[in-house]
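Q: Okay, here's the structure, questions in a sec.
Nothing in this text is a laboratory measurement; each read-out follows from the coordinates by a stated rule. Because the structure is predicted, anything quoted here is derived from the model rather than measured. Glycine also receives a Cβ, built like all others from the backbone with ideal geometry; neighbour counts cover every protein chain displayed.
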């Protein structure tokens, strides 16, 4: 009986004698055992063949199937199951935000009004409205400018609620007619006279220094001796009969400070011959000034608090006829200006103050106050240029400013 100590010897013809299971033996094997994963996949695919996930294709696969425009094949996992895309919560949020922004853009004006009301600011400053733009007059208008939404003007929007918002501004608003030879003057001389008139209107009504209580020296140098003496008297010794605003637009800085250097202007210029006397140049212009209260402006009785950014406007209309005498008949300087007739009126300026300055009234200083007793005249529209200038009838009121 064989024992462990005495194992039975193998027969001499054993085919496995000398066999060594080394690396060379394994590489030389003609049959290889499949891995466990391979056997598992083979068993699974026996009943359910795998689906091509859209990876590499070989030349034996034939032409690639066509896809519909804009569509991509659905991703699948290695087992052929369609993968479900991950939920993207950001996309719906972005869509909602985009819709909100679009709606806000379509209704931006209401949003500004809401924001102004929430912050307690003026709606005119937060919700600007556009007034149609108009050019300088070419003929006498047939009616007053149409009504404009009533808005409180501010430093940021000094023309809010005024037809002047669409008017031209500054010296460019004074457009001269084409010069022609008239009477004793040739075309070149008439052109020079028209330029003198414009230079005077600009120096007397549009110069920021003059508006801010400065002396109108540039305008005075354009006047002939008699007109200059009269103007100097009005400036230096103002009275009820003759004072500075008769010809110059000026404001006392203690009462009113210009809110902007811009002045809105509307009007026209024309000329005609006057026989042997010379040439008459007719001007009819309305100047609109935006102002804020000065340091010396005191509230009236009953006034309540209001935003300090509020402004007011003074509307000045001047109708002036300039005369250029024939230098062959009259002893005059042909390069100086004479006045044939001057008329002016101002909307929103205190009555019966003859100190050479305009004195506008400000809403933030007059809330709750009663109308000034001296304002007993008719109510007029200072923007109405269709009629003649009113110079009589007492100290009236204006329907808008």
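Q: Taking other Cβ within 10 Å of each residue's Cβ, how do 23, 340, 217, 137 sort, fewest first? Numbers along the way, then the final one.
A: Details: 23 7, 340 14, 217 11, 137 18.
Ascending number of Cβ neighbours within 10 Å: 23, 217, 340, 137.
Q: Sorted from fewest to most neighbouring beta carbons within 10 Å, what does the list 284, 199, 149 look like? List each step's numbers first, then the result.
A: On the way: 284 20, 199 17, 149 10.
Final ranking by Cβ density, sparse to dense: 149, 199, 284.
Q: Right, another one. I'd like to compare 35-41, 191-197: which one has the highest average count of other Cβ atoms within 10 Å, and what's the full order after that?
A: On the way: 35-41: 10.3, 191-197: 18.0.
So the order, starting with the most tightly packed, is 191-197, 35-41.
Q: Counting other C-beta atoms within 10 Å, which of 251, 324 has the fewest, and how do the rest follow? Intermediate results must be reported in sequence, preceding the final value.
A: Details: 251 23, 324 32.
So the ranking, lowest neighbour count to highest, is 251, 324.
Q: Rounded, prolate or oblate for the range 153-205? Axes are the square roots of the Cα gyration tensor eigenvalues, ordered a ≥ b ≥ c, and the cut-off for rounded is a/c under 1.5. Please report the intermediate quantities before stating the final value.
A: On the way: a/c = 5.29, a/b = 3.09, b/c = 1.71.
Prolate shape, in that a/c is at least 1.5 and a/b is the bigger ratio.
Q: Then there is this: Rounded if a/c is under 1.5, else prolate if a/b beats b/c, else oblate: with a ≥ b ≥ c from the C-alpha gyration tensor eigenvalues square-rooted, which is the range 168-294? Intermediate values should be presented prior to the final figure.
A: Numbers: a/c = 2.74, a/b = 1.57, b/c = 1.75.
Judged from the Cα gyration tensor, the range 168-294 comes out oblate (a/c at least 1.5, b/c at or above a/b).
Q: If you average the C-alpha positions of the range 250-267 and of the range 165-210 separately, how far apart do those two centres end up, in angstrom?
A: Spelled out, the Cα-based centre of one part sits 21 Å from the other.
Q: Ranked highest first by the average count of other Cβ atoms within 10 Å around their residues, in what order do 289-296, 314-321, 382-389 fall?
A: Order by mean packing, descending: 314-321, 289-296, 382-389.
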